[in-house]
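Here's the structure we're looking at; comments come further down.
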């Protein structure tokens, strides 16, 4: 990390405010392959800071998946909730994680539907694109456009 | 049966290979025994095709030196599909219509490609046929949203590449088979409403135009 400040990453916002702040896609090795902001409300971070955060989340997720009292049954953290934001995680069977940063007021059902739609868009626009290398950063115009249509 | 299969396959598990076997034909007859005229159930899922086509492009891309070479190879692959498409559409037409006919004039042949061939391959007719204003030997078939390009984002360093060269190959084979030799290429011609719009450019050989003049 280039800075060592202890300031909170996320700014305060009103609790009833509904927003989808951003999306991350983390590959199975913990690398951030896609990062995009959709609404203001999050602190602006450098590319390096996003990478570190994604890696940290990947680690936390690995730990949470081992915390379950029933061994081998947990898929890891699904929601990490703060006072001003929520981190929603969708873990796919292949180990790719879709992380949606939203306001706390955003209903869980909306988020689940949206994450599934994002996953399906990813399957189409990224995985079916011959110019995409698996586990590498996503550079697909069609994916950007489709996400814009989903989230706006 | 097992001993001969083991001999053929490079690994011990033969399940990965699509060798025809009697055990899978319980619900559906295998592909070699299906009726050629029943096209209703012969559709394949679009995502499966997209994955396959994506792998074809990646495979080809690893073995070529440039964009032109890549397009040429895709064209060649499409040509192999096209010659079979023509054969089966002709065969089906013979069974389904009372007066099956072989297109011998240029415009009806182009119309047949635009509608029948496109419907057989992509499940919908193409969107337009145009005649070039500048050159008499050039015709264009336009698809506003080609199925094979729906999920492809061509990166900047491949600017100008059109994966529809595969479709161009199909068109070239069909035209060749009908006796209209031509050079067919694909070009990406996006508009604001149709970002993947593609033009298949047909450049006919001189002999075709000469014959058309005689037939007039």
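Shielding value for A:127-139 is 5, the average number of Cβ atoms from other chains within 10 Å of each residue's Cβ. Based on Cα contacts under 8 Å between residues 6+ apart, chain A shows a relative contact order of 25 percent.
The mean sequence distance of close C-alpha pairs (under 8 Å, at least 6 residues apart), as a share of the length of the range B:101-216, puts its relative contact order at 25 percent.
Counting Cβ atoms of other protein chains within 10 Å of each Cβ in B:48-54 and taking the mean gives 3.
Reported to the nearest whole Å, the Cα centre-to-centre distance from the range B:76-91 to the range B:97-131 is 13.
Take A:53-62, B:60-69 and order them by the average number of nearby Cβ atoms within 10 Å per residue, most first; the result is A:53-62, B:60-69.
Counting neighbouring beta carbons within 10 Å and listing from fewest to most, the residues B:154, A:52, B:174 come out as A:52, B:154, B:174. The long axis of helix B:67-96 is offset from the longest Cα principal axis of chain B by roughly 80 degrees.
Less than 14 Å from a label point 7 Å out along the Cα-to-Cβ axis of residue B:43: which backbone N atoms in the range B:122-155 qualify, by residue? Only B:122-125 fall inside the zone, counting backbone N under 14 Å. Neighbour counts of C-beta atoms inside 10 Å place B:147, B:74, B:86 in the sequence B:147, B:86, B:74, starting with the fewest.
Counting partner chain Cβ atoms within 10 Å of every residue's Cβ in B:149-158, what's the average? Intermediate results must be reported in sequence, preceding the final value.
Details: counts 1, 4, 14, 8, 14, 6, 6, 2, 1, 1.
Other-chain Cβ atoms within 10 Å of each residue's Cβ, averaged: 6.
If you take the Cα centroid of the range B:136-173 and the Cα centroid of the range A:73-148, the two points sit 31 Å apart.
FYI, it's all coordinate maths here, none of it is from the lab. Here the structure is a predicted model, which is why all the values come from computation and not from measurement. Heads up, the Cβs are rebuilt from the backbone with ideal geometry, glycines too, and the neighbour counts pull from every protein chain shown.
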